[in-house]
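Read-outs throughout are calculated quantities, based only on the coordinates presented, and are distinct from any laboratory measurement. Remember, predicted model here, so these are calculated numbers, not experimental data. Neighbour counts are summed over all protein chains in view; Cβ atoms, including those assigned to glycine, are modelled from backbone coordinates with ideal geometry.
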Amino acid sequence: MSGKAAIGSRRQKTRLSLLYLLVLTFPITMNYFSPVIIMMAASDGVMNFSFFYWTGFLILSLLLGRALCGWLCPLGGIQEIKDRSVPKRLPNYHWLRPLKFGLTLVWMAALVALAALGGGYTRVDLLYLTESGVSIDRAAGWVIYGIIAGMVLLPAFFVGQRGFCHYFCPWSGLNIVGTWLKTKLRLWSLHLVSDASKCTNCGTCDRSCPMSLPVHEMVQRADMYHHECIYCGTCVDNCPSGAIRYRWGRPPDRVREAKQPAQ
Ligand code: SF4
Ligand code: SF4
């Protein structure tokens with residue numbers, strides 16, 4: 001195995017290990033990501049752990065794009081476990097695309113309204129409604145866990161791989177806004193770049209992308225921006241000719257550099 005292939009293999013093992021660890025510890029950490037507890041806390045004027053988590057999720061996307069979805073999301077991990085055992089490529093349902101952005105707006109609006117009705121944020125309590133520190137500390141917690149797992153796995157089984165991320169996850173909207181902004185403003189950040197002259201049109205990138213993106217087409221267009229790219233690096237690490245790589249720096253000017261795909 002060449003040095004580059006070994007680095008790629010190690011990187012993907014690390015990414016999957018992180019995701020699997022988050023899935024295993026989800027019964028403990030579930031409340032720390034909870035989009036519901038953050039709203040209950042808002043109505044009590046409390047900034048809880050998930051308030052800081054989701055704020056960080058948005059701010060970090062200005063630097064890391066959607067890498068948190070690809071590397072540090074337990075819900076993404078649950079789907080990737082399913083996708084690796086029962087693969088199903090995701091169809092591109094244009095009509096479903098706006099749904100999650102609508103859900104993001106509803107969630108954000110509810111959060112702001114509850115905070116306003118509660119008189120605004122007045123204190124910090126990181127363990128709000130999780131006093132023991134463990135999310136599932138009674139039987140009812142497993143019911144909530146089951147509902148969340150079902151909500152995430154059903155789209156992955158019946159729509160396609162990472163189907164929840166693509167069409168239903170309201171929180172990915174935060175990361176997409178950050179990624180779009182950092183690309184538009186060309187902020188110094190993590191991004192992907194490609195070199196179409198190295199591409200041998202083998203199609204490995206398309207087949208391996210966990211988000212079912214048209215990666216080969218993106219390479220040919222010399223525009224690796226896609227709002228659903230989770231910066232997992234699978235295409236980077238599987239491309240046999242090194243045509244795709246991660247880069248830190250100012251993202252390319254999409255308008256100036258984008259080309260039509262080669263015929
Ligand atoms: S895996 Fe690499 S060489 Fe193969 S189609 Fe994709 S970019 Fe081209
Ligand atoms: S395009 Fe590459 S980095 Fe982006 S989601 Fe697909 S495989 Fe991951």
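Structure values in brief
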{"read-out": "Packing rank of 148-160, 232-244, where each peptide gets the mean count of other beta carbons within 10 Å, highest leading", "value": "232-244, 148-160"}
{"read-out": "Ordering of 49-60, 3-14, 27-38 by burial proxy (mean other Cβ atoms within 10 Å per residue, highest first)", "value": "27-38, 49-60, 3-14"}
{"read-out": "Spin-label model distance (nm) - TYR121 vs VAL177, 7 Å beyond Cα toward Cβ", "value": "1.4"}
{"read-out": "Isolated Cys residues of the chain, judged by Cβ distance under 4.7 Å to other cysteines", "value": "CYS69, CYS73, CYS165, CYS169, CYS199, CYS202, CYS209, CYS229, CYS232, CYS239"}
{"read-out": "Charge-dipole axis of region 3-179 as Lys and Arg at +1 and Asp and Glu at -1 on Cβ define it, positive-most pick from ALA6, CYS69, LEU153", "value": "ALA6"}
{"read-out": "Förster radius 51 Å - calculated FRET efficiency between SER9 and GLU131, Cβ distance, rounded to 0.05", "value": "0.75"}
{"read-out": "Nearest-0.05 FRET efficiency for ALA149 and TYR93, computed from C-beta distance (R0 25 Å)", "value": "0.65"}
{"read-out": "Virtual spin-label span in nm between SER2 and THR55, 7 Å along Cα→Cβ", "value": "4.6"}
{"read-out": "Mean Cβ count within 10 Å, highest first, over the residues of peptides 193-203, 137-147", "value": "193-203, 137-147"}
{"read-out": "Gain on full stretching of the segment that runs from MET39 to TRP188 - 0.36 nm per residue minus C-alpha separation", "value": "50.4 nm"}
{"read-out": "DSSP-defined beta bridges in the chain - what % are antiparallel, rounded to 5", "value": "75"}
{"read-out": "Relative contact order computed over the chain (Cα-Cα under 8 Å; 6+ residues apart), in percent", "value": "26"}
{"read-out": "Listed pairs LYS4/LYS100; LYS82/LYS184; LYS13/LYS198; LYS82/LYS198 exceeding 31 Å between Cα atoms", "value": "LYS4/LYS100; LYS82/LYS184; LYS82/LYS198"}
{"read-out": "Region 3-179: C-alpha pair distances exceeding 29 Å, %", "value": "23"}
{"read-out": "Region 186-253: proportion of alpha-carbon pairs further apart than 13 angstrom, %", "value": "59"}
{"read-out": "Amide H contacts under 5 Å for SER189, placed H, 5+ residues apart", "value": "GLY249, ARG250"}
{"read-out": "Folded to 0 to 90 degrees: helix 74-85 orientation relative to the chain principal axis, Cα", "value": "50"}
